[in-house]
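Please read the structure below before turning to the comments.
Coordinate-derived values only; no laboratory data. A quick note: this is a predicted structure, and the numbers were derived from the prediction, not measured. Positions of Cβ are generated from backbone atoms using ideal geometry, with glycine treated the same way; all protein chains shown enter the neighbour counts.
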Amino acid sequence: MRFSSRQLSLTACALVAAACAAPAHVGDEPRAPAHASPGGEAAPASSGPWAEGPAATSDSYSSMPARPEAAGSARDGAPEDEAYAGKSASEARPGLGTTWGEDRPSAVRHTSFDRRSPTNPFALATLYYNDRAGVSAMASESARSDYGDNVFPIMQSGITVRLLDEFGRPLPSTRAGGRVYVVGEDGQRYIVEVQNHTGNRVEAVATVDGLDVIDGRPGSFEKRGYLVAPFSTVSIDGFRRSDETVAAFRFGSVADSYAERKGLGRNVGVIGLAFFDEAGARWPWTDQEIRHRHDADPFPGRYAEPPPR
């Protein structure tokens, strides 16, 4: 793997969002299509040895889940924790999850993008969310910083991530123990915004509560994502239902969350983004290159050597 995963760094400065680029969905082909939001380009990247095939079809997208199964039943192939047995989902899981919201227009188009590495992202972003009481419980008061605007530069990658409310305002956030926590409110709609400050195209594969935002199934580095064009912004505002619409991200109870209703609620409360660069792209300032420069020795020859014969 050429690039190591970047850790997130929290800063209080605000970034001015550029015009949103349409998200791009990646399908099961060598040059998978990508979703793009209105006004921009988004393209998918290959995630392995792909066979020629059609672009994404309707069953490549997420769908409205059925009602949750009874509490205490097995999920994700394992029984519920003993402490949760016999309790309702509401009693067992306090705090916020992400629900299946109203339909919102979000047209995308398909384009080609070949990843440099099929399944190894060059950067990762992980954001934990909850209501204010939940964030306070998760992040100790002594360790966390003050709440501020939610802007997360991914170190040395030229990419920033933030969560916005429906009016485009950053949600409050804090950092503790090396993790980033974002505060939401019940019923609030939110948007995942990705800004690319580089001259390279980047593919962003996003998950919410452990589910891929495009097909609604468990997230994986092998899934296709949204293309973020050079010096542009992509706003991901829901689980994709078709090439034209998404189901909005809205905070709600864990019991009503999309993941819990699908019987996959183990990972409620986390948003993840994996970033892939394009084959042939040049990224001069990698973690590896920075380490090489920091380790450079200005006086590598300590003693004189005898002359050659």
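General observations
- Proximal charge balance of residue 280 [Cβ under 12 Å; K/R count +1, D/E count -1]: +1
- Kirkwood hydrodynamic radius (C-alpha pairs) into Stokes-Einstein, the range 205-303, 25 °C and 0.890 mPa s, D in µm²/s: 147 µm²/s
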